[in-house]
Amino acid sequence: MYNKVYEKKGFIVFQVKEGYIAYNTKKSFQEGHTHLKHFEPAKTAIDLVINKKIPKSTDVYYLTSLIRLSEDEDYIYKIKQLIETREQKGKKEKYYNPGYKLSKRSI
């Protein structure tokens, strides 16, 4: 099938054409895998799921990946709550620094 590059406690990371697939072997492939572009985030996702840690500074896609890899209903519920909270807050406005043009370069 694909090249297995990492394995830990029932989780496997495969290298594919456009990145990596992290897969929980205790779930069906359709429900228990996620696609990530780089190896380190795939490995970190597995560690987060095993240790039931929720990263605070990641995007919704990565949080959804953790849901797909996990079997723990409490952990999944907490991640869904975080996603819901973020969706209610909406996107942050871009920061505009009005004093930027007065930097040393323009003087």
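The values are calculated or read from the model by the stated rules, or taken from the named source; none is laboratory data. No experiment lies behind these values; they were computed from the predicted model shown. Here Cβ is always computed from backbone atoms with ideal geometry, including for glycine, and neighbour counts include all displayed protein chains.
A few notes on this one:
- Residue in the range 46-55 that is part of a loop (DSSP other than H, G, I, E, B) and more than 17 Å from the chain's Cα centre (by Cα) present: no
- Residues of the range 44-60 that turn out to be more than 12 Å from Tyr75 (Cβ to Cβ), out of contact with any Phe, Trp or Tyr (no Cβ under 6 Å at 6 or more places or on another chain) and surrounded by 15 or more Cβ atoms within 10 Å (Cβ to Cβ), as a count: 3
- Scanning the range 1-36 for residues that are free of Cβ contacts under 8 Å to residues at least 40 places away in the same chain and of a type in the set (Lys, Arg) returns Lys4, Lys17.
- Any hit, the range 49-65, residues being among the basic types (Lys, Arg) and either more than 30 Å from Gly90 (Cβ to Cβ) or touching a strand residue (DSSP E or B) at 6+ places or on another chain (Cβ under 6 Å) (or both): no
- Selection over the range 1-26 of residues that are in a loop (DSSP other than H, G, I, E, B), surrounded by 13 or more Cβ atoms within 10 Å (Cβ to Cβ) and of a type in the set (A, V, I, L, M, F, W, C) gives a count of 0.
- All positions within the range 39-58 that are out of contact with any helix residue (DSSP H, G or I) (no Cβ under 9 Å at 6 or more places or on another chain) and not β-branched (Val, Ile, Thr): Phe39, Glu40, Lys43, Asp47, Asn51, Ser57
- Matching residues in the range 65-99 - criterion: being within 16 Å of Val49 (Cα to Cα), of a type in the set (Asp, Glu) and not in a helix (DSSP H, G or I): Glu71, Asp72
- Residue that is surrounded by the fewest Cβ atoms within 10 Å (Cβ to Cβ), among those in the range 27-43 that are more than 10 Å from the chain's Cα centre (by Cα) and assigned to a helix (DSSP H, G or I): Glu40
- For the range 79-101, the criterion of being closer than 15 Å to Lys8 by Cα, in contact with a helix residue (DSSP H, G or I) (Cβ under 6 Å, 6 or more places away or on another chain) and modelled with pLDDT of 90 or more is met by no residue.
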